[in-house]
Amino acid sequence: MAYSTLLIDKGVARLTLNRPEVHNAFDDSLIAELNTHLDDLHALANAGDVRAVVLGSEGKSFSAGADLNWMKRMVDYSLEDNLADSRKLSALMFGLDTLPCPTICRVQGAAFGGAVGLAACCDLVVASDKAKFCLSEVKIGLSPAVISPYVQRALGERQLRRYALTAEVIDAPTALALGLAHQVVEHDALDSAVNDMLDTLLGGSPQAQRATKALLASVAQAPDSDVTREHTCHVIAKLRVSQEGQEGLSSFFEKRRPAWTQPSGLQEHNNAAEPRS
């Protein structure tokens, strides 16, 4: 049975967790499926066939974190087994975080444990006013270890110390104030808000967005260095002389929409109409 689906249509990929009967909880099968989908999405985004990715889920919860049956099985895992398991989850977070194209996380309800990491790895988080976030691991004797680099980047070190140690539930307004969510809307307006954000993203140059994501990741590692400053100069110089850069400048001065915003400018994947599981 498929635990997730990937639907690609007109340059937009929708990656959906599909275990609503267990609140889209993680297990090893779901993690493996998501890693396979992300491998595909990296290739498609680099080729320009995918312009943006929406990560969402079916049912009332975004994800309840680790699956209980999976956790029962892990009780008998050796240290080596646990390391192998953790590395697969780490690959999932890294793969989502480093997708070349913009990513939106659609959070309609509870996002607990590792699900907070999924949200933190996306560029934009659009949440329902019913959404709730929780780093719940310490309640069962564990730690949000694998997701901590991404959540710390979203919350900051000081706030992460509080919420990782207390396992307090973070409601939607607080998530917005902390920077974990970028937008909070009424529950019935969630899909409309996600689609509006997609329209905004698709107005940008695909090449410039890929270059900007890579640039920001690089700048975050060493924000104030001679190497970083020189790298930023190279990025903007190369974009200015590129085909999309020239098109962007020309369309601005000619007061017209750039070519990449036209329907013909979107490359559609061959299997666009077929959901993949």
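What the table shows:
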{"quantity": "Test: residue in the stretch 6-21 that is of a type in the set (Gly, Ala, Ser), under 20 Å from ALA91 (Cα atoms), touching a helix residue (DSSP H, G or I) at 6+ places or on another chain (Cβ under 8 Å) and open to solvent by 20 Å² or more (accessible area, probe 1.4 Å)", "calculated": "no"}
{"quantity": "Filter result for the condition that a residue is among the polar types (S, T, N, Q), crowded, with 24+ Cβ neighbours inside 10 Å and touching a residue at least 24 places away in the same chain (Cβ under 8 Å), over SER63, SER90", "calculated": "SER63"}
{"quantity": "Which numbered condition ASP81 fails, given (1) open to solvent by less than 10 Å² (accessible area, probe 1.4 Å); (2) out of contact with any strand residue (DSSP E or B) (no Cβ under 8 Å at 6 or more places or on another chain)", "calculated": "(1)"}
{"quantity": "Condition met for VAL185 (of a type in the set (A, V, I, L, M), touching a strand residue (DSSP E or B) at 6+ places or on another chain (Cβ under 9 Å) and more than 28 Å from GLY48 (Cα to Cα))", "calculated": "yes"}
{"quantity": "The lone exception for SER225 - which of (1) open to solvent by 40 Å² or more (accessible area, probe 1.4 Å); (2) modelled with pLDDT under 95; (3) over 19 Å from the mean Cα position of the chain (by Cα) it fails", "calculated": "(1)"}
{"quantity": "Hits in the stretch 111-131 - residues which are more than 15 Å from the chain's Cα centre (by Cα) and surrounded by fewer than 21 Cβ atoms within 10 Å (Cβ to Cβ)", "calculated": "ASP129, LYS130"}
{"quantity": "Members of the stretch 22-37 found to be surrounded by fewer than 24 Cβ atoms within 10 Å (Cβ to Cβ) and either in contact (Cβ under 8 Å) with a residue 12 or more places away in the chain or outside the structural domain of ALA91 (by the TED database) (or both), listed by number", "calculated": "VAL22, HIS23, ASP27, ASP28, SER29, LEU30, ILE31, ALA32, GLU33, ASN35, HIS37"}
{"quantity": "Test: residue in the stretch 157-166 that is open to solvent by 10 Å² or more (accessible area, probe 1.4 Å), in contact with a Ser or Thr (Cβ under 6 Å, 6 or more places away or on another chain) and assigned by the TED database to the domain that holds PRO20", "calculated": "no"}
{"quantity": "Neighbours by Cβ (under 9 Å, 6+ apart or cross-chain): first from the stretch 239-257, closer than 19 Å to LYS213 by Cα; second open to solvent by 100 Å² or more (accessible area, probe 1.4 Å)", "calculated": "GLY245/LYS238"}
{"quantity": "Which listed residue is at pLDDT 85 or above, within 21 Å of LEU99 (Cα to Cα) and touching an Asp or Glu at 6+ places or on another chain (Cβ under 9 Å), from SER277, SER205, SER218", "calculated": "SER205"}
{"quantity": "Out of ALA52, ALA43, sole residue that is open to solvent by 50 Å² or more (accessible area, probe 1.4 Å), modelled with pLDDT of 95 or more and assigned by the TED database to the domain that holds ALA84", "calculated": "ALA43"}
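The values are calculated or read from the model by the stated rules, or taken from the named source; none is laboratory data. Remember, it's a predicted structure, so these values are computed and weren't measured experimentally. So basically every Cβ, Gly included, is an ideal-geometry build from the backbone, and we count neighbours across all protein chains shown. We work out accessible area using only protein heavy atoms, side chains counted, and drop any ligands, DNA or RNA first. Shrake-Rupley method; radii C 1.70, N 1.55, O 1.52, S 1.80 Å.
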